[in-house]
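See below for the structure under consideration.
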Amino acid sequence: MVKTALVVEDDNGMQAVVREALEAAGLQVLVEKDGDWAFKALQRRLPDVLVTDLLLPQIGGFELIEKLRALPGGEHVAVVVMSGIYKSARHKRQATEKLGAVACLDKPFALEELVVVVQQAVGEAPKKRRAADSGLPKAPKPQAHGSVRAEGMVDDPLADFDSRLDKSDGERAGQSLPAERTVRGNLKNKRFPEVLAQMYRWKATGALLVRRGRIKKIVYVKDGYPVFVKSNLMSECLGRVLVREKMISEDECERSLVIAKSPAGGGRQQGTVLIEMGALSPHNLVFALQLQLEQKLFDVFAWPDGDYQFSARIELPAQSVQLDMTLVTIVSEGVRRKFTDTQLQDLLEPFLDAFVGPHPEPGMRVEDLPLELDERALVDRIDGRRTLRDLVAHGGMPPRAARQLLYALIAAEIVLPSMRPARSGARGDERPSTPPAASSSSASMAALPPSPLATRTTPPPLPKKRESTAPLPLQAAVTTSPSLPPRRSAAGDPVLAPAALAEVVSVEELRARLVERARLWKRQNHFEALGVSQRAGVDELQRAYQALVRDLHPDRLRRTSDGALPADARALADQLHHQLTTAFETLSDERRRADYAARLTPGPRTAASDDITRLLKADTAFRKGEAALDAERLADAVVHFRDAAGLFPDEGEFQASLAWALYRQAPDDPVVQVDVIGRLQRATELAPRYDRGWLWFGRVLQRAGRPGEALKQFERALQCNPDSRDAQSELQLLAPAR
């Protein structure tokens with residue numbers, strides 16, 4: 001008769017390998033993830049053996065065994081316990097002497113050992129075969145961060161269980177795209193940096209699923225930029241990151257995890273518990289969450305192979321902490337951390353004697369990238385007349401650092417290798433052709449970045465010009481004064497501050513400068529917008545255009561000093577870039593320029609686009625709504641916010657403010673509550689970095705009698721803004737007595 005086992009383990013990875021091992025040994029296996037559901041399963045049917053972790057959600061392992069023993073026939077069920085925390089002799093005596101466990105296994109343990117113990121417990125002779133011969137998965141063992149072997153997927157008592165990858169996420173990422181829109185392949189044929197570069201060139205939004213063995217990760221991409229990563233590697237969970245970075249002790253991590261998993265934790269995340277314990281500040285929590293995302297992403301750079309598949313149908317999760325790095329930064333840093341010198345040299349070998357020049361399209365200008373001073377010095381030498389070998393040797397950077405940057409630029413197609421030098425003075429005027437080496441062998445082709453789609457959409461950049469009639473530059477210039485060395489992680493890697501390359505301004509200041517520029521250009525013709533006279537030549541036009549458009553490049557507007565640029569401001573910048581590019585293209589063509597000049601009269605100015613006018617009206621309505629809300633004129637606030645949201649429905653701040661004003665008018669009306677909850681859910685999806693949206697969402701949910709859900713929103717508000725006293729106060733009010 002087939003023996004049955006109930007495995008209770010809340011970690012998906014550990015649960016899977018234990019189940020596979022016991023099934024391979026001939027047992028029928030049932031699984032549960034928490035003590036509550038496990039007890040319900042025991043009430044329905046008693047197994048021959050219970051294999052349970054001691055640290056479980058809902059009902060802990062010790063209590064679960066006590067409840068089992070109280071059931072009719074429960075005293076005859078064999079029990080095997082496993083734990084990564086309860087390893088002391090006292091805990092083991094409690095499990096064996098008081099509760100009758102036949103064995104206590106300390107995690108990590110050999111799966112073959114577990115199989116032998118279980119077989120002995122159910123009265124079967126152990127099968128003396130090695131795991132490798134028996135078809136059992138190999139035993140999970142601890143490993144350093146960055147390994148890509150399945151052994152890392154063990155139950156780690158320091159892991160943050162809220163960060164794990166759900167199986168459904170992977171299934172959706174792997175199955176949801178129609179075949180004609182699916183992008184898939186193997187990292188053996190296309191390296192991970194080149195896959196990311198492909199997403200960047202397409203300005204893709206969706207989910208990139210990567211798998212290697214049992215390891216699964218989902219890289220969420222928005223407008224071509226990686227913004228969030230999920231992983232099922234336990235070594236990459238928050239608790240492990242905090243301990244590894246020596247931000248908390250192992251004891252603090254263990255205690256916080258016990259509290260978070262217990263009923264007394266009230267559903268709190270581990271980070272929130274650590275803040276309440278005084279072990280971690282809100283700012284350090286955000287720092288650790290950012291570092292965690294980086295480590296999850298950079299780990300994939302080390303994979304020599306693995307399947308990948310991109311799905312444009314997967315919706316991005318509304319996460320308050322996201323990656324804020326340019327593609328060039330991601331690729332060059334990932335290469336620095338994970339590629340050996342030999343790998344990097346092999347990838348660039350086919351292009352060493354190729355001439356390297358900038359991309360001809362304005363949106364891909366290498367000059368527009370935010371770079372460090374030494375990187376800028378090398379980039380300034382990329383003119384299409386120097387070979388890659390020359391740039392590495394004489395670019396003003398250490399050779400390895402130069403290779404990293406150049407590989408990142410080539411992979412992203414921001415610079416292009418050519419078989420012949422560019423014409424003198426023709427910087428970026430022509431698209432270089434592929435070097436001979438790239439077409440001579442399949443090995444060379446593996447290093448060549450993937451070709452863009454024929455229908456590629458150029459990413460819209462954005463403005464700048466310092467002159468008497470022009471507005472302030474959107475971002476402050478890069479400082480040339482010496483700076484402190486970058487903070488480094490415990491592993492020696494520099495911490496990638498989201499805006500470390502330039503002194504940036506706040507969201508409100510940057511939005512105001514965009515609005516100022518739009519209103520100025522609304523009154524100007526093409527010549528005035530570019531800041532040139534009607535006699536300006538092509539070279540002068542190009543210099544003026546590049547000076548203005550550089551400040552509007554998407555990479556330069558990835559982040560402000562206090563958060564990501566809102567959707568309405570990004571859209572306004574896109575429209576400004578479109579208007580600027582139209583002016584440049586019109587005046588650069590002799591026939592179009594003559595026609596345009598003939599239509600100009602001394603008085604009237606060219607009209608701004610309808611989109612810019614709409615965005616300016618939306619901004620004005622939003623400002624009026626904020627003033628009305630501050631003055632408690634709720635009806636007026638609703639009118640103005642509704643106007644703003646109607647003019648620009650994709651701006652989460654507008655939608656959140658409208659929802660809050662509607663709620664303030666009738667906070668106890670259940671119909672209004674339902675409507676507002678739906679609006680705020682949509683608003684936080686549109687603007688996941690807007691702390692007031694999460695704060696208002698939490699307050700509405702709390703008023704509606706849903707404190708557990710409210711707690712999650714307050715946690716996200718604090719992650720968006722660690723200085724938010726309102727979010728801290730709300731969390732303290734919801735804190736359970738301990």
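FYI, it's all coordinate maths here, none of it is from the lab. Please read these numbers as outputs of a predicted model, since none were measured by experiment. With ideal geometry, Cβ positions are generated from the backbone for all residues, glycine too; neighbour counts draw on all protein chains shown.
Would you work out the charge dipole size for segment 1-92 about its Cα centre, treating the Cβ of every Lys and Arg as +1 and the Cβ of every Asp and Glu as -1, and quote it to the nearest 20 debye? Spell out each step's value before the answer.
Working: 11 positive and 13 negative charges, 54 e Å.
That gives a dipole near 260 debye.
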* **Estimated inter-spin distance, Gln343 and Ala627, nm [label 7 Å along Cα→Cβ]** => 5.7 nm
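Working from the alpha-carbon coordinates of segment 258-355, get Rg over Rh, Rh being the Kirkwood radius.
Details: Rg = 19.4 Å, Rh = 17.2 Å.
Looking at segment 258-355, the ratio lands at 1.13.
At 25 °C and 0.890 mPa s, what whole-number value in µm²/s does Stokes-Einstein give for the translational diffusion of segment 613-734, with Rh from the Kirkwood sum over Cα pairs? Present the calculation step by step, with values, prior to reporting the outcome.
On the way: Rh = 14.3 Å.
This corresponds to a translational diffusion coefficient of 172 µm²/s.
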* Structure fact -> To the nearest 20 debye, segment 613-734 has a Cα-centred charge dipole, built from +1 on Lys and Arg Cβ and -1 on Asp and Glu Cβ, of 120 debye
* Which links in Lys33/Lys230; Lys296/Lys338; Lys3/Lys98; Lys33/Lys98; Lys33/Lys222; Lys230/Lys712 stretch past 22 Å when you go from one Cα to the other? -> Lys3/Lys98; Lys33/Lys98; Lys33/Lys222
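Once a ≥ b ≥ c are taken as the square roots of the eigenvalues of the Cα gyration tensor of segment 21-113, is the result rounded (a/c under 1.5), prolate (a/b larger than b/c) or oblate (a/b not larger than b/c)?
Details: a/c = 1.43, a/b = 1.09, b/c = 1.32.
Judged from the Cα gyration tensor, segment 21-113 comes out rounded (a/c under 1.5).
Ranked from highest to lowest mean number of other Cβ atoms within 10 Å per residue, what is the order of the peptides 277-285, 108-116?
Details: 277-285: 16.3, 108-116: 18.8.
Per-residue Cβ counts within 10 Å, averaged per peptide and sorted highest first, yield 108-116, 277-285.
Checking the a/c ratio against 1.5 first, then a/b against b/c, what shape does the Cα gyration tensor give for segment 244-288?
Cα axes put segment 244-288 in the oblate bin.
Stretched out fully, how many nm does the piece from Gln732 to Leu316 gain, at 0.36 nm a residue minus the Cα gap?
Full extension from Gln732 to Leu316 adds 146.8 nm.
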* Asked: Direction-averaged shadow area of the convex hull around the Cα atoms of segment 161-311, nm²?
  -> 9.7 nm²
* Structure fact -> Label model pair Glu75, Asn186: point-to-point distance (7 angstrom along the Cα→beta-carbon line) in nm is 5.9 nm
* Asked: By how many nm would the segment from Glu20 to Glu509 grow when fully extended, if each residue of separation counts as 0.36 nm and the alpha-carbon distance is taken off?
  -> 170.4 nm
* Among 74-84, 23-33, how do they line up from the highest to the lowest mean number of other beta-carbon atoms within 10 Å? -> 74-84, 23-33
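Highest mean first, how do 665-674, 217-226 rank when packing is the count of other Cβ atoms within 10 Å averaged over residues? Please report the intermediate quantities before stating the final value.
Values: 665-674: 12.9, 217-226: 22.0.
Going from most to least packed, we get 217-226, 665-674.
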* Structure fact -> Inter-part gap, Cα centre of segment 621-672 to Cα centre of segment 236-286, in whole angstrom, is 36 Å
* Asked: What are the residues whose amide H is under 5 Å from the amide H of Phe228, where those residues sit 5 or more places off or on another chain and H is modelled from the backbone?
  -> Tyr220, Leu323
* Could I have the simple spin-label model distance between Asp374 and Glu540, label points 7 Å from Cα toward Cβ, reported in nm to one decimal? => 4.0 nm
* Between segment 192-220 and segment 385-424, the alpha-carbon center distance in angstrom -> 25 Å
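Set the Förster distance to 45 Å, then compute FRET efficiency between Ala598 and Arg420 from the Cβ-Cβ distance, nearest 0.05.
Numbers: r = 40 Å, r/R0 = 0.89.
FRET efficiency, Ala598 to Arg420: 0.65.
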* Structure fact -> Diffing segment 289-303: the Karplus 3J(HN,Hα) column from phi (6.51, -1.76, 1.60, θ = phi - 60°), in whole Hz with x for Gly and Pro, holds 5, 5, 5, 4, 4, 4, 5, 4, 6, 5, 4, 5, 4, 7, 6
* How are the Cα pair distances of segment 1-68 distributed, in percent, across 5 Å bins from 0? -> 4, 19, 32, 24, 16, 5, 0
